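Asker: Pasting a structure below so you can have a look.
The values are calculated or read from the model by the stated rules, or taken from the named source; none is laboratory data. Every value quoted in this text rests on a predicted model; they were computed, and no experiment measured them. Because the Cβ atoms are built from the backbone with ideal geometry, glycine has one as well, and the counts that use them run over all protein chains shown.
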Amino acid sequence: MKSTVQTASCLFAISLIAATAPAYAQGQAGKGGVVTLVPHRAVYDLKLASARGKRPIASVRGRILYDFTGNDCEGYALQFRQVSEIDTGEGKVLVSDLRATTWEEGSAKSFRFNSQNFFNDKLVDTVDGKAERKKADTRVNLKKPETKAFSLDAGLVFPTDHMRRIIAAARENRSFVELPVYDGSETGQKVYRTFTVIGAPIAPGERKPNDALAKQASSANLIRWPVTISYFEQGKGDAGEQTPAYSITFELTENGISRALVLDYNDFVLKGEMTQLDLKPQNPCK
């Protein structure tokens, strides 16, 4: 069951990326234009869609609670929690409780992250650190799980910047985005190669959602895109030949809200339905 536990600990990284899609930074928008993100609080209910691994999983249920605020001047803050109950079908039930806070500078040069991972009420992992993008490299300083400083490639992107690049690419009718992403997950030392596939836009009024997004009148005139992001571990072969560590499929609205999540961990697949969505006042830059 160890592999299943390790897989579940990645839920923070995937959920964070799925839900975070802020405004495109100044000087980077190109033809994609400026994307206006709406601050919001969302709840996603999770359930098992399928299991195909060697170790049996009878059921999974859980919930993501997600609170996102900020603007391009103040930066973007996320408070996140995910609780997942995994029934192995072998008389064992594992409860994963992931809690995290992050902050990313509007210009995508600085990123702070703090997370704790509990299993059955026992703290098993904690990560605390910050990363700064410089011209020559990206410098990371960790406080936990150990005090450590190291450098990564200057070309990587943080989660917020990653998603705004995807939104800009979608607006330009591009179908693929390939970028290295650093999100501070696991031990805070891993970089993922990501490959994103963007589907044809869903025009306002088409394929109307039946979840919490449908209750927001402001969403009626928004374009959505089906998006799949696959995550590959760095240094393990070419992405075209390697099996992704995990992938996520979702619909992304042009104001940065994600719905209809499908989280694929290879051994099992979860579906996430948005059951609550509260839009918050949007503070303009001063």
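Asker: Looking at Lys215, is it touching a residue at least 60 places away in the same chain (Cβ under 8 Å) and surrounded by fewer than 17 Cβ atoms within 10 Å (Cβ to Cβ)?
Answerer: Spelling it out, Lys215 is indeed touching a residue at least 60 places away in the same chain (Cβ under 8 Å) and surrounded by fewer than 17 Cβ atoms within 10 Å (Cβ to Cβ).
Asker: Additional query: Can you pull out the residues in the range 184-209 that are in a loop (DSSP other than H, G, I, E, B), touching a residue at least 40 places away in the same chain (Cβ under 8 Å) and either touching a helix residue (DSSP H, G or I) at 6+ places or on another chain (Cβ under 6 Å) or charged (D, E, K, R) (or both)? Before you say what the answer is, go through the steps one by one.
Answerer: Pass one, the range 184-209, residues in a loop (DSSP other than H, G, I, E, B): 184-191, 199-201, 203-209.
Going one step further and asking which of them are touching a residue at least 40 places away in the same chain (Cβ under 8 Å), we end up with 184-191, 209.
Within the range 184-209, Ser185, Glu186, Lys190 meet the criteria.
Asker: Assess whether Ser115 counts as being over 12 Å from Ser185 (Cβ atoms) and polar (S, T, N, Q). Write out each step before concluding.
Answerer: Details: over 12 Å from Ser185 (Cβ atoms): no; polar (S, T, N, Q): yes.
For Ser115, the condition - over 12 Å from Ser185 (Cβ atoms) and polar (S, T, N, Q) - is not met.
Asker: When you go through Ile64, Ile167 one by one, which is the residue that is assigned to a strand (DSSP E or B) and under 26 Å from Pro201 (Cβ atoms)?
Answerer: Numbers: Ile167 fails: assigned to a strand (DSSP E or B).
Only one candidate qualifies: Ile64.
Asker: For the range 241-269, how many residues are farther than 20 Å from Met163 by Cβ and either buried (at least 21 other Cβ atoms within 10 Å of the Cβ) or modelled with pLDDT of 90 or more (or both)? Reasoning before the result, please.
Answerer: Taking the range 241-269 as the starting set, the residues that turn out to be farther than 20 Å from Met163 by Cβ are 241-243, 265-269.
Next, only the ones that are either buried (at least 21 other Cβ atoms within 10 Å of the Cβ) or modelled with pLDDT of 90 or more (or both) stay: 265, 268-269.
The total comes to 3.
Asker: Here is a check on your reading of the model: is Phe232 within 26 Å of Gly53 (Cα to Cα), over 15 Å from the mean Cα position of the chain (by Cα) and surrounded by 14 or more Cβ atoms within 10 Å (Cβ to Cβ)?
Answerer: Numbers: within 26 Å of Gly53 (Cα to Cα): yes; over 15 Å from the mean Cα position of the chain (by Cα): no; surrounded by 14 or more Cβ atoms within 10 Å (Cβ to Cβ): yes.
Spelling it out, it is not the case that Phe232 is within 26 Å of Gly53 (Cα to Cα), over 15 Å from the mean Cα position of the chain (by Cα) and surrounded by 14 or more Cβ atoms within 10 Å (Cβ to Cβ).
Asker: Could you list, in sequence order, the residues of the range 43-61 that are among the basic types (Lys, Arg) and part of a strand (DSSP E or B)? Show your work before the answer.
Answerer: From the range 43-61, those among the basic types (Lys, Arg) are 47, 52, 54-55, 61; that's our starting set.
Across the range 43-61, the qualifying residues are Lys47, Arg61.
Asker: Considering only residues that are within 25 Å of Thr36 (Cβ to Cβ) and of a type in the set (Gly, Ala, Ser), which ones fall in the range 164-205? Steps first, please.
Answerer: First, pick out the residues of the range 164-205 that are within 25 Å of Thr36 (Cβ to Cβ): 164-177, 179, 181, 183, 194, 196-205.
The answer is Ala168, Ala169, Ala170, Ser175, Gly199, Ala200, Ala203, Gly205.
Asker: Something else: Take the residues in the range 76-91 that are of a type in the set (A, V, I, L, M, F, W, C) and within 20 Å of Met163 (Cα to Cα); name whichever of them is surrounded by the fewest Cβ atoms within 10 Å (Cβ to Cβ).
Answerer: Within the range 76-91, the subset of a type in the set (A, V, I, L, M, F, W, C) is 77-78, 80, 83, 86.
Next cut, within 20 Å of Met163 (Cα to Cα) only: 77-78, 80.
Details: Ala77: 15, Leu78: 21, Phe80: 20.
The qualifying residue surrounded by the fewest Cβ atoms within 10 Å (Cβ to Cβ) is Ala77.
Asker: Filter the range 69-91 down to residues that are assigned to a strand (DSSP E or B) and free of Cβ contacts under 8 Å to residues at least 60 places away in the same chain and give me whichever is farthest from the chain's Cα centre (by Cα). Step through it out loud before you land on a result.
Answerer: Start the filter on the range 69-91 by keeping residues that are assigned to a strand (DSSP E or B), which leaves 69-71, 75-87.
Applying the additional criterion that residues be free of Cβ contacts under 8 Å to residues at least 60 places away in the same chain yields 70, 75, 77, 79, 81, 83, 85, 87.
Details: Gly70: 17, Gly75: 17, Ala77: 13, Gln79: 13, Arg81: 12, Val83: 16, Glu85: 20, Asp87: 24 Å.
Step by step, filter the range 69-91, then rank; the result is Asp87.
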